[in-house]
Amino acid sequence: MIIKGKVWKFGDDISTDYLSPSFGMEEPWEERKKKILHIHEAFTKGWQPGDIIVAGQNFGCGSSRESAPANLKRMGIGCVVAESFARIFFRNCMAIAFPVTICKGVSTAFKEGDILELDFERSIVRNQTQDIALEGTRLHPDLLKIVQAGGILESIKCK
Amino acid sequence: MEMTMAEKALARASGKEYVKPGEIVTAAIDTLMVADMSFYDSYELMIEHGCSDIWDPDRMVVIMDHQFPAQNSAQAEKHRKIREWVKKQGIRHFYDAGVGICHQVMAEKGHVLPGNLIPGGDSHTTTYGALGAASCGIGHSDIAYVMAKGSLWFLVPETIRFILNGKLPKGTSAKDIILKIAGNYSVNVAQYKSIEFSGPLAKELSIDDRMTICNMGVEIGAKFAFFEADDQTMEYLKNRTDQPVELFGPDPGASYEAIYEMDFSALEPQVACPHNVDNVKSIVEVEGIPVQQAFLGSCTNAKVEDLERAAAILKGRKAHHETRLIVIPASREVYLRISESGVLHTLLEAGAMLGPPVCGPCGGLNNGILANNETAICTTNRNFKGRMGNPESFVYLASPETVAASAIEGKIADPRKYLD
């Protein structure tokens, strides 16, 4: 799977309280989506489906709320490439088949607005704007299978 | 092969002799904890995916604590459905609103046993490591999977060890220990790792204190956060469970990715400043910042000992007239015990406003929301921008002692001056 898009940059410790804020939680999606990642004002006003997030350490820290990655998926964000991810967020991404890649050095290799191309299976991250290529951490084959199947619930067969 | 507590728990649950870090195992779940919001969404997902029955209703615990009392009819409607599903599925371990905050209730009601594998629909599920359980938060799809199958994949984590030495100085407690660790080593120190807290001070810490530390294990990234199950653990569980309980600890000679040794004999009260849990300063650096709200509550720090410590400071004193003191004991059991001991009376006399034993203002989910530019000092676990419901407000995290002292002065204050 190749994912390509325009980069929005975020720092370290982007918490689930930013990805899925409690305020306005019960409002309709059209309102709620304006508050996602409220700490980056230009992003909240300018993101487009297909855009990509590049971040620092500990992306998704905080709560177990699955709405954190589910919001990004629903917005049409292509993927998140970060220096590291918080554990529950990472698990939730596997569970709902939202592509995330751990890649050391990514936060310095990209500027906002650069074009990123991710070869998800091979974990190759390219900055097309600056002509840089980085290699991220490959996903464990068992987890890759979950993502390729479309999420963890695709494999439960009760009937 | 010698194994750490995480490795032992995952090896047993996956039916293996031995597991090592980096391996992925499919493990049988001993107990699944879900709170109201996580149960609702997960149950719907399970049904949508064609599964009609929970794998083993006796291994599930459902606790209503996040959105109570309901604020609107939409929430009330969800709660009504949850009660219906609980009946339909024959879930015996159901605690409706008012019993307490999920993690407190899990421990009090004997659902946490040493060595057990207990995922839960809340990130602070790491709390149960205080009793030696391998416990961690998972999201709704993973919960739905567990409800249908009774098992789940786990990556065997590396383990790090914190050796806690020394004797805590007057006016400091468990919260100061975990905030000090976050401040020194950052919120990434345990990322995707299991922690074992050990050493002479760890052995001395009460179960309430161990719970505070393990609760915040997730704030420094941990998957599991363990104390060894020892005599204190046995004593705590004695009248809470009829299941057999065994001591649980790492094998001597187990291997650790890193070992951190710390002495707490000169510990000062610690405060995590906005907007991150590792933005930690000693009390002397932040004294004097005005606070409009002081909150003693949440799954982190609203247990009997926590409220006793706050009451020791508030006794015979009043909360500042420009500061709202909100107190939310973690459970009905805590309420009963502090009402018998007189602590509740002390808190009320000091001007406390009480809430039902639920999550309350911690996550900005129902009440205690701050106005723009207001500041709160809380015994809770997170201070991210907007965490308590308003991104234009400021949240400081501290011990019950520090929150009590700050309530009295209406500004962040050192609790040590109130203790003889």
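None of the figures in this text is laboratory data; all of them are computed from the coordinates on show. Model, not experiment: these values are computed from the prediction. When we count neighbours, we look across all protein chains shown, and the Cβ atoms used for this are built from the backbone with ideal geometry, even at glycine.
Other chains' Cβ within 10 Å of A:11-18 residues: what's the mean? Each step should come with its number before you reach the end.
Details: counts 0, 5, 9, 1, 10, 4, 12, 6.
Taking the mean over all residues of the peptide, I get 6.
Label sites at B:D230 and B:V284, each approximated as a point 7 angstrom past Cα along Cα to Cβ, lie 3.1 nm apart. What the Kirkwood sum gives for the range B:272-418 is a hydrodynamic radius of 14.6 Å, with every pair of different alpha carbons counted. Each Lys and Arg contributes +1 and each Asp and Glu -1, all at the Cβ; summed about the Cα centre of the range A:2-155, the dipole is approximately 100 debye. Cut-off 13 Å, label point 7 angstrom out along Cα-to-Cβ of B:E340: give me the residues of the range B:107-122 whose amide nitrogen falls inside. Nothing falls inside the zone, counting backbone N under 13 Å.
With the alpha-carbon atoms of the range A:1-74 aligned to their principal axes, the span from lowest to highest coordinate is 33, 26, 25 Å, starting with the largest. A convex hull fitted to the Cα coordinates of the range B:293-357 yields 68 cubic angstrom per residue. Checking every one of the trypsin sites (Lys or Arg not before Pro) in the range B:337-420 against DSSP loop status and a limit of 16 other Cβ atoms within 10 Å picks out no site at all. Can you give the local net charge around B:S135? Use residues other than it whose beta-carbon is closer than 11 angstrom to its beta-carbon, Lys and Arg +1, Asp and Glu -1. That sum, taken over residues with Cβ under 11 Å, equals -1.
Residue by residue along B:143-149, Cβ atoms of other protein chains within 10 Å of the local Cβ number 4 on average.
Between B:L419 and B:Y260, what FRET efficiency follows from the Cβ-Cβ distance if R0 is 35 Å, with the result rounded to 0.05?
The calculated FRET efficiency here is 0.75.
Pair-distance distribution P(r) for the range A:1-148, from all Cα-Cα distances in 10 Å bins starting at 0: 12, 46, 35, 7, 0 percent.
Rounded, prolate or oblate: which one fits the range B:5-262, using the alpha carbon gyration tensor with axes a ≥ b ≥ c (rounded when a/c is under 1.5, else prolate when a/b beats b/c, else oblate)? Mind showing how you got there, number by number?
On the way: a/c = 1.83, a/b = 1.48, b/c = 1.24.
In terms of gyration-tensor shape, prolate.
Left without a cysteine partner by the 4.7 Å Cβ rule in chain A: A:C61, A:C79, A:C93, A:C103. As a length-normalised measure over Cα pairs under 8 Å and 6 or more apart, the relative contact order of chain B settles at 18 percent. Distances between placed amide hydrogens fall under 5 Å for A:I132 paired with A:N127, all partners being 5 or more residues away or on another chain. Membrane-span-like helices in chain A (whole DSSP H runs, Cα extent of at least 24 Å along the helix axis, mean Kyte-Doolittle hydropathy of at least 1.0): none found. Under 5 Å between amide hydrogens, built in the peptide plane, is the criterion, and for A:E66 it picks out B:H140 among residues at least 5 positions away or on other chains. Applying a 4.7 Å Cβ-Cβ cutoff to chain B leaves B:C102, B:C136, B:C214, B:C273, B:C299, B:C359, B:C362, B:C378 as cysteine residues with no disulfide-compatible partner.
If we count every other residue with Cβ under 14 angstrom of A:I146's Cβ, Lys/Arg +1 and Asp/Glu -1, where does the sum land?
On the way: positive: A:R91, A:K145, B:K149; negative: A:E121, A:D142, A:E154, B:D142.
Result for the neighbourhood of A:I146: -1.
Here, the protein assembly as shown is characterised by an Rg to Rh ratio of 0.95, where Rg is the alpha-carbon radius of gyration and Rh the Kirkwood radius.
Relative to 2.2 N^0.38 Å, what does the C-alpha radius of gyration of the range B:62-186 come to as a ratio? Two decimals please. Don't skip to the end; give the middle numbers.
Details: Rg = 17.8 Å, N = 125, 2.2 N^0.38 = 13.8 Å.
Dividing the Cα Rg of the range B:62-186 by 2.2 N^0.38 Å gives 1.29.
Across peptide A:56-63, the average count of Cβ atoms from other chains found within 10 Å of a residue's Cβ is 6. Just checking the listed ones, B:H321, B:H111, B:H103: in the Gaussian network model of chain B with Cα springs under 10 Å, the one fluctuating most is B:H321.
Taking only DSSP H segments of four or more residues, each worth -39500 (n - 2.57), what value at 222 nm results for chain B once the sum is divided by all its residues, to the nearest 500 deg cm²/dmol? Could you put the intermediate results ahead of the total?
Working: 14 runs with 131 residues, N = 420.
Calculated mean residue ellipticity at 222 nm is -9000 deg cm²/dmol.
The dipole here belongs to chain B: it is taken about the Cα centre, uses +1 on the Cβ of Lys and Arg and -1 on the Cβ of Asp and Glu, and is about 700 debye.
Could you tell me what a quarter of the Cα convex hull surface of the range B:249-295 works out to, in nm² with one decimal place? Could the numbers behind the result be given before it?
Values: hull surface 25.1 nm².
The number I arrive at for the range B:249-295 is 6.3 nm².
Over chain A, what is the relative contact order in percent, taking alpha-carbon pairs closer than 8 angstrom and at least six residues apart?
On the way: 328 pairs, mean separation 39.5, N = 159.
Computed value for chain A: 25 percent relative contact order.
What do you get for GluC sites (Glu not before Pro) in the range B:207-275 restricted to DSSP loop and a cutoff of at most 12 other Cβ within 10 Å of the site's Cβ? Loop-located and lightly packed - B:E246.
Given R₀ = 22 Å, FRET efficiency for B:S73-A:M25 by Cβ-Cβ distance, to 0.05? Working from the Cβ atoms, E equals 0.90.
For B:E17 and B:E349, compute 0.36 nm times the residue count separating them, minus their Cα-Cα distance, and round to one decimal in nm.
Gain in length upon complete extension: 113.8 nm.
A cut-off under 12 angstrom between Cβ atoms defines the neighbours of A:E121, and their net charge, with Lys, Arg +1 and Asp, Glu -1, is +2.
Between the alpha-carbon centres of the range A:94-159 and the range B:214-258 there is a gap of 35 Å. Per residue, the Cα convex hull of the range B:340-420 amounts to 107 Å³.
Label separation (B:R92 vs B:R80): 3.0 nm, computed from points 7 Å beyond Cα along the C-beta direction.
Between amide H atoms placed 1.01 Å from N, distances below 5 Å from A:F85 occur with A:N58, A:F59, all of them 5 or more places distant or on a separate chain.
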